[in-house]
Amino acid sequence: MVETNKPTLVILAAGMGSRYGGLKQIDAFTPQGDTIMDFSIYDALQAGFGKFVFIIRKAFEKEFRELIDKKLDGKAEVEYVFQEFDSVPEKYIDPNRTKPWGTGHALLMAKDAVKENFAIINADDFYGREAFTVMAKSLSEKDKNSYDFNMMAYLLKNTVSDHGHVARGECEVNKNGFLVDVTERTHIEKRDGQLMRLDDHGKFIPIDGDTIVSMNFWGFTPKCFEFGGELFDAFLEVNKHNPKAEFFIPYVVNEILRSEKASVEVLKSNAQWFGVTYLEDKAIVQAAIEKLKEEGVYPVNLW
């Protein structure tokens with residue numbers, strides 16, 4: 001029998017926002033002090049998510065709790081998970097590392113906090129109400145002991161910045177709407193009006209604007225934690241002297257796909273994505289959010 005417990009939302013908020021120039025996870029984007037993450041939380045509550053797990057750094061735990069706890073008090077269960085430089089075996093701790101080990105590592109860190117079907121998102125991306133509604137419905141219908149996973153798809157052309165390069169997961173999807181492969185493209189940018197990416201040799205080559213990409217909005221059952229552990233250990237061994245190496249969720253997803261015992265359905269919605277990779281992106285996102293409030297999609301005061 002399929003269980004219909006409310007799904008959990010895991011929010012990736014341990015990154016430092018180096019290209020943005022600060023902690024964009026807790027930066028205000030409206031006169032009312034709303035963060036981008038506030039809109040994801042609000043939308044997720046409306047969609048039926050019942051628990052929120054925040055993956056953060058201990059260095060900003062106090063500020064983060066002050067921002068979150070009062071908003072969700074009485075509305076949903078809240079748990080915090082810490083992702084640190086030293087959240088790895090001692091032999092892999094690198095004093096030169098200045099950033100966490102990446103989104104795939106963060107996913108694995110959430111294992112003890114998540115017992116339900118769950119979605120995982122970035123704290124600093126605006127995904128749109130419909131995306132959460134579609135994801136929540138899908139997760140609530142899945143048996144939590146199954147290997148039926150999913151992801152929310154977006155078109156590349158709608159997710160790039162005018163102010164510098166971005167990283168995106170390029171997705172290959174079969175005719176039945178299931179993911180075949182996802183490749184982390186760490187450098188995509190607009191050059192002379194055309195979308196280009198760096199290849200493995202450091203050369204710019206074109207990439208189609210209609211390419212389906214992952215914006216780190218994945219849907220999993222707890223079975224996903226069976227994947228990735230050994231992969232991360234191997235990654236650490238290869239990259240133990242590389243302080244900038246990151247272990248991304250797409251690495252875990254590709255292992256899931258290679259196993260052939262799990263599948264990843266590609267979900268689609270008409271929701272608009274907004275994001276802030278660079279400080280210069282902020283004004284565009286602020287204007288878009290203000291318009292949504294004016295149209296009544298969101299109340300003036302979320303909380």
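What ranking do His105, His201, His163, His241 get, fewest neighbouring Cβ atoms within 10 angstrom at the top?
On the way: His105 24, His201 6, His163 17, His241 9.
Ranked by crowding around the Cβ, least crowded first: His201, His241, His163, His105.
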> (i) 19.3, 57; (ii) 18.5, 55; (iii) 19.8, 68: which one is Rg and Dmax of the Cα atoms in Å as calculated from this entry?
Replying inline: (ii)
> Short version: ³J(HN,Hα) in whole Hz for each residue of segment 76-87, in order, from phi by Karplus 6.51 cos²θ - 1.76 cosθ + 1.60 (θ = phi - 60°), x for Gly and Pro, what are they?
Replying inline: 6, 6, 10, 9, 10, 10, 9, 10, 10, 4, 9, 7
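Given the -39500 (n - 2.57) contribution per DSSP H run of 4+ residues, what per-residue ellipticity at 222 nm results for the chain, rounded to the nearest 500 deg cm²/dmol? Numbers along the way, then the final one.
Details: 7 runs with 78 residues, N = 303.
Calculated at 222 nm, the ellipticity per residue is -8000 deg cm²/dmol.
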>> Using the Karplus curve 6.51 cos²θ - 1.76 cosθ + 1.60 with θ = phi - 60°, what ³J(HN,Hα) values do you get for each residue of segment 95-108, in whole Hz, with x for Gly and Pro?
In response: x, 8, 6, 10, 9, x, 7, x, 5, x, 5, 4, 4, 5
> Can you list the residues, at least 5 places off or on another chain, whose amide H is less than 5 Å from the amide H of Thr35, using H built in the peptide plane?
Replying inline: Phe29
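What does the charge count near Asp73 come to, summing +1 for each Lys or Arg and -1 for each Asp or Glu among other residues with Cβ under 15 Å from its Cβ? All intermediate terms of the calculation are to be shown ahead of the outcome.
Values: positive: Lys51, Arg65, Lys70, Lys71, Lys75; negative: Asp38, Glu66, Asp69, Glu77, Glu79.
Overall, the nearby charge balance is 0.
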>> For Thr221, Thr186, which order do you get if you count the other beta carbons within 10 Å of each Cβ and list the fewest first?
In response: Thr186, Thr221
> In whole Hz, what ³J(HN,Hα) sequence does segment 266-279 give by Karplus (6.51, -1.76, 1.60; θ = phi - 60°), x for Gly and Pro?
Replying inline: 8, 8, 10, 8, 8, 5, 8, 9, 10, x, 10, 7, 10, 4
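Only counting other Cβ atoms within 10 Å, I'd like Val264, Val166 sorted with the fewest neighbours first.
On the way: Val264 25, Val166 22.
In increasing order of surrounding Cβ atoms, one gets Val166, Val264.
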> Given a cut-off of under 8 Å on Cα pairs at least six residues apart, what relative contact order in percent is computed for the chain?
Replying inline: 25 percent
> So who's got an amide H within less than 5 Å of the one on Phe217, skipping anything under 5 residues away but keeping other chains? H placed 1.01 Å off N, in plane.
Replying inline: Met152
>> How charged is the neighbourhood of Thr186? Take every other residue with its Cβ under 10 Å from the Cβ of Thr186, and add Lys/Arg as +1 and Asp/Glu as -1.
In response: +1
> Hey, rough spin-label estimate for Asn239 and Lys282, points 7 angstrom out along Cα→Cβ, what's it come to in nanometres?
Replying inline: 2.9 nm
> Just Lys144, Lys75, Lys99 to compare: in a GNM of the chain, with alpha carbon springs under 10 Å, which one fluctuates most?
Replying inline: Lys75
>> Please list, by residue number, every one of the GluC sites (Glu not before Pro) in segment 61-158 that is coil in DSSP and has at most 13 other beta-carbon atoms within 10 Å.
In response: Glu141
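Since every read-out is calculated from the coordinates, none of them should be taken as a lab result. Values in this document were obtained by computation on a predicted structure and should not be read as measured data. Please note: Cβ atoms are built from the backbone with ideal geometry, for glycine as well, and neighbour counts cover all protein chains shown.
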